[in-house]
Structure formats: structure tokens, C-alpha cells
Amino acid sequence: MGPHVAALGMRFYTGNMFPKAYKDAIFVARHGSWNRTNKAGGDVAVVKLNKDGTVKSVEPFLTGFLEDNKYVGRPVDVMQMKDGSLLVSDDWNGAVYRVTYGKPNKVAAQ
């Protein structure tokens, strides 16, 4: 995860909404560094595993919380919903984001 980058919440993905490549991968909320001149983390990474459980890759999944070396959000935890979407909490903004995969739902005009 890198030196001094706090990884807080993490969950294995068991849902069916995201592509098969994410099945049984680990979503990790990386709160970010607190004691570095050049900030790091402040994202959600996906850790994909080999069949023997060793780490195959660590890839960015949800980014944009770090702009011009300043945090605009700090992910804390991830939780999978029954429909396979992912909730991400952000204690910087006091927000919870819902991440979905697929075509956005069309809202009928009233």
C-alpha cells in the first residue's frame, strides 16, 4: 500500500454487478498519508489475488480525492450492498458514495 498510507476499511467483493475480474478481489479504502510532503493515497484500490491467495496486483479503482497535493476527500471504508454496488464513506466531506457498474438508470420526466 506504500509507506505511511493508512489503509482503513477493506472488503472482499462477492457481488455480481461489477465484471467478473472483480469477483473475490479486495476493495481497500486508503485514507491517505498524514505525514508526507507529497500526499499519497486518498483513494479506493482493488487488490486482485492469485489462486493461492498471494497478491497479483494493486490497482486504482476510485480516485480524484487528491488534487494539487491537497485532499478533497478521504475514503474510510467500503461496504458491498445486496445489489452488488459499493458504498464508500468519506470522513473529509461527511459523505457516503454509491458506486455502480453499468448503464445509468434513466429517470422518467415528470
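The figures follow:
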{"quantity": "Size of charge dipole - the stretch 17-110 - debye, nearest 20, with Cβ of Lys, Arg +1 and Asp, Glu -1, no other charges", "calculated": "280"}
{"quantity": "For Cα Rg over 2.2 N^0.38 Å, calculated from these coordinates, the label among (1) 1.14; (2) 0.95; (3) 1.07", "calculated": "(1)"}
{"quantity": "Cα-based reach from LYS56 at 24 Å (exclusive), listing lysines while leaving out same-chain residues under 8 positions away", "calculated": "LYS20, LYS23, LYS48"}
{"quantity": "Dipole magnitude (debye, nearest 20) for the stretch 19-68, charges at Cβ of Lys, Arg, Asp, Glu", "calculated": "220"}
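All of the numbers you see were taken from the coordinates with simple rules; none came from a lab. Quantities reported herein were computed from a predicted structural model and do not represent experimental measurements. Every residue, glycine among them, receives a Cβ derived from its backbone with ideal geometry; neighbour counts consider all protein chains shown.
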